[in-house]
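Peer 1: Just dropping this structure here.
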Amino acid sequence: MRKLVIGMALASSALATPALAREDSWYVELDFGPMILEDSKFNSLETALDSDYGVDGGGAIGYDFGMFRLEAEASYRTADHDGLSVPGGIFRNPGGDSNALSFMLNGLLDFGPDNGIQGFVGGGAGVGRVNYEIGNLLDDTDSGFAWQVIAGVRAPLTDHWDVGIKYRFFNVDDVDLVSATGDVTSTKWRSHSAMGSFIYNFGGAEPPPPPPPPPPPPPPPPPPPPPAAVCNKGPYIVFFDWDQSDITPEAATVLDSAITAYGDCDSVPIMLAGHTDRSGSVRYNMG
């Protein structure tokens, strides 16, 4: 049995892979493993019953609050008889078996990371239905208050599945039975179990948060400044034809350029070029 427990511990460690939190979620669990039933002493019959190694199995449904778990469990354990001690001697293989069916409410305290190997301890209370069948001597059943102590480790396989190993001490006091001869006798059921566990967590991994939105594109660069206006101050020269005061088209173009330059340069020199002579009468020349 010791080798089996060590092997189960090594297997659970080797298979452990990271998983996300089990907290705040329901889970179901299946347990199975070997069991040792302590010798049962029947007071009024002055007999003691020795049992072979037995088996223990069951299932539970619970809720994980974080560091604390609460679960409802049903389990069944049984063992064949190896020997019966009576005042006259020891009878080997007296026949029959002993079994106990239980319904328990357990509270468990977890310690360790959710994404690695995690230990737990706890206990439970409930009702146990115990049956003893010993050849032609006894075949009876009694139900009573039951309690148990639990300790173990577990580790994640995936986001939902865990494996573990568990030790359980199970006890039912004051088991009252009636023998084949009508005598009332009392005994206790005390068993030790080492079980492997498979646990399915309904919570599993939380989806990763969405990626942050991409940053907005940078604003476009400002347009280049307009080229500085070229200040062309000329000089602008307006010519008049001989004996004419009218502005020619060429002179009008020069004046337009001068006006534009004035807007760019604030001031523009303008030169007027004309020609005078003494041809004609004096009155004409002075007019």
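The values are calculated or read from the model by the stated rules, or taken from the named source; none is laboratory data. The model shown is predicted, which means the values in this text are computed figures rather than measured ones. Don't worry about glycine lacking a Cβ; one is built from the backbone with ideal geometry, like all the others, and counts go over all protein chains shown.
Peer 1: Please count how many residues of the stretch 56-79 are surrounded by 15 or more Cβ atoms within 10 Å (Cβ to Cβ) and closer than 23 Å to Ile134 by Cα.
Peer 2: 6
Peer 1: Hey, among the residues in the stretch 95-151 that are of a type in the set (Val, Ile, Thr) and over 36 Å from the mean Cα position of the chain (by Cα), which one's nearest to Gly83 (Cα to Cα)?
Peer 2: Ile134
Peer 1: What pairs come out if I take residues in the stretch 136-151 that are over 13 Å from Asp176 (Cβ atoms) and surrounded by 15 or more Cβ atoms within 10 Å (Cβ to Cβ) and pair them with residues that are modelled with pLDDT under 95 and of a type in the set (S, T, N, Q) whose C-beta lies under 7 Å away, six or more apart or interchain?
Peer 2: Leu137/Ser179
Peer 1: Of the residues in the stretch 152-163, how many are buried (at least 18 other Cβ atoms within 10 Å of the Cβ) and out of contact with any helix residue (DSSP H, G or I) (no Cβ under 6 Å at 6 or more places or on another chain)? Don't jump to the end; show me each part of the working.
Peer 2: Residues of the stretch 152-163 buried (at least 18 other Cβ atoms within 10 Å of the Cβ): 152-156, 160, 162-163.
Subset that is out of contact with any helix residue (DSSP H, G or I) (no Cβ under 6 Å at 6 or more places or on another chain): 152-154, 156, 160, 162.
Adding up the residues that qualify gives 6.
Peer 1: Something else about it: Tell me the strands (runs of 3 or more DSSP E) entirely within the stretch 42-131 that contain at least 2 residues that are modelled with pLDDT under 95 and not hydroxyl-bearing (Ser, Thr, Tyr).
Peer 2: Details: elements: 47-51, 54-64, 68-86, 89-92, 97-111.
Because the criterion is at least 2 residues that are modelled with pLDDT under 95 and not hydroxyl-bearing (Ser, Thr, Tyr), the strands (runs of 3 or more DSSP E) in the stretch 42-131 that meet it are 47-51, 68-86, 89-92, 97-111.
Peer 1: So in the stretch 148-207, with the set limited to residues that are part of a loop (DSSP other than H, G, I, E, B) and touching a strand residue (DSSP E or B) at 6+ places or on another chain (Cβ under 7 Å), which one is farthest from Asn99 (Cα to Cα)?
Peer 2: The initial filter retains those residues of the stretch 148-207 that are part of a loop (DSSP other than H, G, I, E, B), namely 157-160, 180-183, 202-207.
If we keep only those that are touching a strand residue (DSSP E or B) at 6+ places or on another chain (Cβ under 7 Å) too, we end up with 157, 160, 180, 202-203.
Numbers: Leu157: 33, His160: 33, Ala180: 18, Phe202: 32, Gly203: 35 Å.
The qualifying residue farthest from Asn99 (Cα to Cα) is Gly203.
Peer 1: How many residues are crowded, with 20+ Cβ neighbours inside 10 Å and either without any contact (Cβ under 8 Å) to a residue 60 or more places away in the chain or under 16 Å from Asn171 (Cα atoms) (or both) if we restrict to the stretch 43-55?
Peer 2: Within the stretch 43-55, residues that are crowded, with 20+ Cβ neighbours inside 10 Å and either without any contact (Cβ under 8 Å) to a residue 60 or more places away in the chain or under 16 Å from Asn171 (Cα atoms) (or both) number 1.
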